[in-house]
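Each remark here refers to the structure printed beneath this line.
Taken together, the values in this text are just the output of simple stated rules run on the coordinates, not laboratory data. Every value quoted in this text rests on a predicted model; they were computed, and no experiment measured them.
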Amino acid sequence: MDTMERLRAGTYLDAARASRGARPGKAPRGFRPVRAGLLLAVALLATIAGAQAAAAAEVTYLDHPAQIRHKGAVEWVRLNLGDTVREGDFIRTGMGGRVEVLIEPKRLFRVGQATEIELPDFSSKGGMKTRVNVLLGRMWANIGTPLKEAAGESFQVTTKTATVGIKGTRFGVDYDKAQDTSQVSVVEGVVAAMPPEVKGITEIEGPREIAPPQEISQTQWQVLVQRDQKVIIRAGQVPQVVPMTAEDKADEWIAFNMQRDQAQGAR
């Protein structure tokens, strides 16, 4: 007799006993295996649900003030260490605020002070697919393991003036809303920067010389930024890739991230 047959038989027998005045709550013979099976199924479902919850991105470092606005919500609420972050959420910080979000082991991003970001695409199911939209301020990404492009993995950072795509690297993106200017600083690996309209990352080529600033279409450029380089992106101009200076590396935000990456075992 299979499980469903036992369940039906047990249910009918229980009903029959109840109609004959059997003591309530007494399990009929043949029903206990079904109950055990159901308990096992519930335990398995709880385990699966727990694994899915564990896969959600988690706040692993936090300096206040910092708040989160969940997808579909109107109110901002206080962000706490250990909170989960999901697709569609917004994070913002005040002066002195910092947030670190662990997506997967060795894959994380950080939000600097006086910053607001949006997570329009944010999933780890079937491989990481993340897009961070920097609305204002500074963020940092540490993707310590290469993306599996064949599995559809992707990580992009967007601002109003640029889209930045990577394969595996450590870099920072700053967006100055008042000046409508983006800056990308790379300390490891290589990133491709392009206009914000571009949705995908084309094949990464070797370095190429960048022409002097001039008025151009927003779809005419794509540049590579390599280790110890930075690029400043202004709307309507060809971006300029230049070496990072000692002053750049001494920047408090960049220095903080490099030190924290090193402490966490970044390569």
Item to check | Listed residue pairs exceeding 29 Å between alpha carbons, taken from Lys71/Lys249; Lys129/Lys230; Lys148/Lys177 | outcome: Lys71/Lys249; Lys148/Lys177
Checklist outcome for this item: Log entry: pair-distance distribution for the stretch 57-263, C-alpha pairs binned every 5 Å from zero, whole % per bin is 1, 7, 16, 21, 22, 16, 10, 5, 1, 0
